[in-house]
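The values are calculated or read from the model by the stated rules, or taken from the named source; none is laboratory data. Model, not experiment: these values are computed from the prediction. Cβ placement follows ideal geometry from the backbone for every residue including glycine, while neighbour counts extend to all protein chains displayed. Surface accessibility is based on the protein's heavy atoms, side chains included, excluding ligands, DNA and RNA. Shrake-Rupley method; radii C 1.70, N 1.55, O 1.52, S 1.80 Å.
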Amino acid sequence: MTDESSKKWPGSSGMGSSAIWGGRFSGGPSEIMEEINASIGFDKELYAQDIAGSKAHCAMLARQGIITKEDAEAILQGLGTILKEMESGKFAFKRELEDIHMNVESRLVELVGEAGARLHTARSRNDQVATDLKMWTRQALDGLDQGLRGLQEVLIEKAEAHAGDVMPGFTHLQTAQPVTLGHHLLAYVEMFGRDRGRAADCGRRLNECPLGAAALAGTSFDIDRDMTAAALGFDRPCANSLDAVSDRDFAMEFLSLGAVLAVHLSRLAEEIVLWSSDQFGFIRLSDAYSTGSSIMPQKRNPDAAELIRAKTGRVIGGLNALLIALKGLPLAYGKDMQEDKEPVFDANQTLALSIAAMTGMMRDAEFAPGPMRAAAAKGRACATDLADWLVKTLAMPFRQAHHAVGRIVKLAEEKDVDLEDLSLKDMQTAEPAITKDVFNVLGVDNSVNSRVSFGGTAPENVRQAAAQARKRFLDPARKR
Ligand code: ARG
């Protein structure tokens, strides 16, 4: 150490390991202890939030007369310098200083001496880290929301373009009833809309500020927690200091809403994998979003979709890891909580990448209405339409109609034809009261056009639903 001030003030580097809390320690930690204890390898991700939190705390301490104006000015200037060093990659992070909080504080003392050593008055790393991670999570939620909005926009555009294109609707992956592709895509718009809703809920609920809870019990200093909460964009300070430092609900909520989102992405990814196969042939991925095989020249593999599908495991795994880490923790802070960050960071990165890949893949994808329509016509998908006709026209009880149509389907299977290709006579052998009008409801277009109930698959419904979805999800003034 060359700087005079940093010799005098514990916390500056050069004083052996963990100088900040090392007052009563004579020996430093073992190498292994240092390795298991340190979080700087990942919590440097929180640097911007940590510095913002320190600035707010410093301004509050000065306004409350707990530190002098001069000290506050020196601290703020020092923090500004540190921020620049970190942003430009020049900051030398030190593992022996454990975490982002002590790396910042130690450098601050190096830069401004005694004033820097006053910053930690009336706070603790316990309230600091909770504050930092909440702010980080808030920003991550905004990022996911924006990403999902972009994905919804692409899906709505595709839904509009394919509002009238018929495809098979499946249950049990067996042909069930014809639907429109636009309707199918809008189902995902709803799912991602709920994901955005969950993100908004999480953001609202987390927005209480832990700073000033100090280690766990509050502080004897006359601090102003409303001031720091407001400065950091929180709605209010956390009401209970024990809860403030031990609450990781927001991280669990982030991971759980992330897990649900990942499952939604994975289900769409799975459809893309199926649809892009030769057996389905419903979709063609662009060159930009498919890969070739090193041995089979004909291959176009949907790797991005497969990876999105697989990455779901990381997010669910992260949720599990955190739930398990927290489940046996007594109040208040426990070092176990340091394990909260990596799953949250990893989930965010995984989800952001998956959303971006899904958005690009869907934007570029070309659907194949011909094969979809042909597939929809297979499997006697209009059997329900026929049963409904019997109910409506002949006032037949539905259960009876179901049986009658069962007989007609069997006949069609024996003759290896679609329902609408059976003759009226054939049908009448199964149900004598059938008239030729029945042919008005058979066929995939008649089928989808008839499904005009609210939320149904008819092309006109889909066009309206897409317009509504634009308003509900894409309006820039939309409240989160
Ligand atoms: N690095 C720690 C974490 O991430 C910060 C809080 C440490 N507090 C403590 N009392 N050791 O949780």
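Okay, residues lined up against (1) within 15 Å of residue 378 (Cα to Cα); (2) open to solvent by 40 Å² or more (accessible area, probe 1.4 Å); (3) among the aliphatic types (A, V, I, L, M):
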residue	(1), (2), (3)
402	no, yes, no
415	yes, yes, no
422	yes, no, yes
426	no, no, no
443	yes, no, no
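Can you tell me which residue among 452, 462 is open to solvent by less than 10 Å² (accessible area, probe 1.4 Å), closer than 30 Å to residue 197 by Cα, under 42 Å from the mean Cα position of the chain (by Cα) and among the β-branched types (Val, Ile, Thr)? Steps first, answer last, please.
Numbers: 452 fails: open to solvent by less than 10 Å² (accessible area, probe 1.4 Å).
Selected residue: 462, the only one of 452, 462 that is open to solvent by less than 10 Å² (accessible area, probe 1.4 Å), closer than 30 Å to residue 197 by Cα, under 42 Å from the mean Cα position of the chain (by Cα) and among the β-branched types (Val, Ile, Thr).
In summary, residue 385 fulfils each of the numbered conditions (1) more than 16 Å from the ligand (Cβ to nearest atom); (2) open to solvent by 50 Å² or more (accessible area, probe 1.4 Å); (3) charged (D, E, K, R) with the single exception of condition (2).
Among residues of segment 215-226 that are under 11 Å from residue 241 (Cα atoms) and modelled with pLDDT of 95 or more, those with a Cβ under 7 angstrom from a residue that is open to solvent by 40 Å² or more (accessible area, probe 1.4 Å) and within 16 Å of the ligand (Cβ to nearest atom), sequence gap 6+ or separate chain, pair up as 216/242; 216/333. Figure legend. Inter-residue proximity from segment 328-350: first residues aliphatic (A, V, I, L, M) and open to solvent by 70 Å² or more (accessible area, probe 1.4 Å), second residues within 13 Å of the ligand (Cβ to nearest atom) and modelled with pLDDT of 95 or more, beta-carbon distance below 8 Å, spacing 6+ or different chains. Indicated pairs: 331/216; 331/246. Only a single criterion out of (1) open to solvent by less than 10 Å² (accessible area, probe 1.4 Å); (2) farther than 24 Å from residue 196 by Cβ is not satisfied by residue 156, namely (2). In segment 35-47, the residues that are closer than 18 Å to residue 108 by Cα and open to solvent by 40 Å² or more (accessible area, probe 1.4 Å) form Cβ pairs under 7 Å with partners that are of a type outside the set (Asp, Glu) and within 9 Å of the ligand (Cβ to nearest atom), at six or more places apart or across chains, as follows: 44/100; 47/100.
Scanning segment 351-373 for residues that are surrounded by fewer than 15 Cβ atoms within 10 Å (Cβ to Cβ) and among the charged types (D, E, K, R) yields one hit, 366.
For segment 104-134, a residue qualifies if it is within 14 Å of the ligand (Cβ to nearest atom) and in contact with an Asp or Glu (Cβ under 9 Å, 6 or more places away or on another chain), and the qualifying residues are 104, 120, 125, 128, 129, 130, 131, 132, 133, 134.
Residue 312 meets the conditions (1) at pLDDT 95 or above; (2) among the hydroxyl-bearing types (Ser, Thr, Tyr); (3) open to solvent by 80 Å² or more (accessible area, probe 1.4 Å) in every case but one. The failed one is (3). Scanning segment 85-144 for residues that are in contact with a Leu (Cβ under 7 Å, 6 or more places away or on another chain), of a type in the set (S, T, N, Q) and open to solvent by 10 Å² or more (accessible area, probe 1.4 Å), we see that the one that is farthest from residue 224 (Cα to Cα) is 126.
Here the condition is being at pLDDT below 95 and not β-branched (Val, Ile, Thr); of 377, 352, it holds for 377 alone.
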